[in-house]
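The next block holds one structure in the form of structure tokens; read it before the comments.
The values are calculated or read from the model by the stated rules, or taken from the named source; none is laboratory data. None of the values given here were measured: they were computed from a predicted structure. All Cβ positions, even for glycine, are placed from backbone atoms using ideal geometry, and neighbour counts span all protein chains on display. Each accessible area value is taken on the protein alone, full model and side chains, heavy atoms only, with ligands, DNA and RNA left out. Shrake-Rupley method; radii C 1.70, N 1.55, O 1.52, S 1.80 Å.
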Amino acid sequence: MAGRWIEQWDPEDEAFWRGTGERTARRNLWFSVLSEHIGFSVWSLWSVMVLFMGPEYGIDPAGKFFLISTATLVGAVVRVPYTFAVAVFGGRNWTVFSALSLLLPTVAAFWVMEPGTPYTTFLVVAALTGIGGGNFASSMTNINAFFPLRKKGWALGLNAGGGNIGVPVVQLIGLLVIGTAGAAHPRIVLGVYLPLIIVAALGAALGMDNLRPVQNDTGAALQAAREPHTWIMAVLYIGTFGSFIGYSFAFGLVLQTQFGRTPLQAASLTFIGPLLGSLIRPAGGWLADRYGGARITLWNFAAMAVATGVVVYASGTESLTVFLVGFIALFVLTGLGNGSTFKMIPGIFHAQGLAKGLRGEGAAAYGRRLSGAAMGLIGAIGALGGLAINLAFRQSFEASGAGTAAFWCFLGFYAVCFTLTWAVYLRRTETVAAKPQLSYAEV
């Protein structure tokens, strides 16, 4: 594991980028996408497993929501150490290890997935799948270091979007198993992923590189934690990625619980939203590169609020068709917002460097240093939004048998995110102290 270290890396140098940098960065990106994709599939396994858990399992809807909430929580927490692991072990080395570690929750789920297993055992195994959520943080930190600022929106969007697609893919596999073998055979889904995990680890070992210049900077981490923009972007990322992962985990269970869909009927619809939301994420990064991340993020939250209003209406009238239209629109918008918000992070800190009087590579280095440190924290907090969504659904269904109250809460939160984006990154001010904010509209 000691080989394949690149000693010098300067993607902002045009000659270096055209000569060897771009080719190397793209190769690492593709293998990173594969590993992160499998990680997301394992992280979201229980959004599929609960569809197989009929009455014979003795677990009510609230208990099932708590299972997927447990996986979401662990996935959010492990993102922080995974962010720092890249600099300690190398991006390639850590990708190999993190991919192989996915064998543990997959084998454990294969072992326990049958009626009669104690609920606490299911909780422990669901918690283990959370390590798949950590792959996102290490992958994004690694790819952020490979690409120049002008390419980060596209690269980070593609990396994250390819990973996010792991959610609908595992749900599609669940649909195929339920539609062919029946709901009594969840182990087939798990058996499919065991060889895929090995393939992802081998791909990373053979095709990726470690960057020697990438180092953990404790000072940068502390500075990023003290920086208000880190926490503001974390709130916005809760609204985009937190919504995506929370809805992805809960969609099938909502269809079963609120609209009385069978496992096969729910599985045939569950994958559509996460698939579209994943595919559109690179477009969100591209739009942010072209028009500015803050602008795209602002109007994206406005559209999310409208889509949530449609879902609230459909929940009240019990219209499955309108509900699906609104919910799938929400998935698409979360994908766009995921791309635009993550593009904003390096741009914001680069703009801060310029405001401090830095120019050229100095400003770029300042932006890379703080954005790399901030991404892990923002990603972890954003993933906690998925936990909040699943707990809100659990409480709403437990209290009223429907998810309407939860959706009202989500609508209010999107309004807060819209206001925050406008006030911090787009509002024009006349005061001298606020003038550095004027460039944030372009991030």
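Elements of the type helices (runs of 4 or more DSSP H) sitting completely within region 236-301 and holding at least 3 residues that are of a type outside the set (Val, Ile, Thr), open to solvent by less than 10 Å² (accessible area, probe 1.4 Å) and in contact (Cβ under 8 Å) with a residue 60 or more places away in the chain: these cover 243-259, 272-291. Can you tell me which residues in region 212-259 are among the aromatic types (Phe, Trp, Tyr) and either under 19 Å from Gly277 (Cβ atoms) or at pLDDT 90 or above (or both)? Trp231, Tyr237, Phe241, Phe244, Tyr247, Phe249, Phe251, listed by residue number. Counting the residues of region 53-97 that are open to solvent by 30 Å² or more (accessible area, probe 1.4 Å), within 30 Å of Arg4 (Cβ to Cβ) and more than 21 Å from the chain's Cα centre (by Cα) gives 2. Keeping to region 348-362, report how many residues are out of contact with any helix residue (DSSP H, G or I) (no Cβ under 6 Å at 6 or more places or on another chain) and either part of a helix (DSSP H, G or I) or on the phi > 0 side of the Ramachandran plot (or both). Result for region 348-362: 5. Within region 111-155, the residues that satisfy the criterion of being farther than 24 Å from Ser47 by Cβ and not basic (Lys, Arg) are Thr141, Asn142, Ile143, Asn144, Ala145, Phe146, Phe147, Pro148, Leu149, Gly153, Trp154, Ala155. Residues in region 50-76 that are among the aliphatic types (A, V, I, L, M) and touching a Gly at 6+ places or on another chain (Cβ under 8 Å): Val50, Leu51, Ala71, Leu73, Val74, Ala76.
Would you be able to say whether some residue in region 303-314 is at pLDDT below 90, buried (at least 22 other Cβ atoms within 10 Å of the Cβ) and under 23 Å from the mean Cα position of the chain (by Cα)? Scanning region 303-314, I find no residue that is at pLDDT below 90, buried (at least 22 other Cβ atoms within 10 Å of the Cβ) and under 23 Å from the mean Cα position of the chain (by Cα), so the answer is no.
No other residue among Gly357, Gly412, Gly401 is of a type outside the set (A, V, I, L, M, F, W, C), surrounded by fewer than 21 Cβ atoms within 10 Å (Cβ to Cβ) and at pLDDT 85 or above apart from Gly412. Scanning region 188-221 for residues being of a type in the set (Ser, Thr, Tyr) and farther than 21 Å from Ala87 by Cα gives a total of 1. Could you tell me whether region 178-191 includes any residue that is touching a strand residue (DSSP E or B) at 6+ places or on another chain (Cβ under 9 Å) and within 30 Å of Asp209 (Cα to Cα)? No, because not a single residue in region 178-191 is touching a strand residue (DSSP E or B) at 6+ places or on another chain (Cβ under 9 Å) and within 30 Å of Asp209 (Cα to Cα). Scanning region 141-195 for residues that are out of contact with any helix residue (DSSP H, G or I) (no Cβ under 7 Å at 6 or more places or on another chain) and under 30 Å from Gly367 (Cβ atoms) gives Arg150, Lys151. For region 197-235, a residue qualifies if it is open to solvent by 50 Å² or more (accessible area, probe 1.4 Å) and either in a loop (DSSP other than H, G, I, E, B) or touching a Pro at 6+ places or on another chain (Cβ under 6 Å) (or both), and the qualifying residues are Arg212, Pro213, Gln215, Asn216, Asp217.
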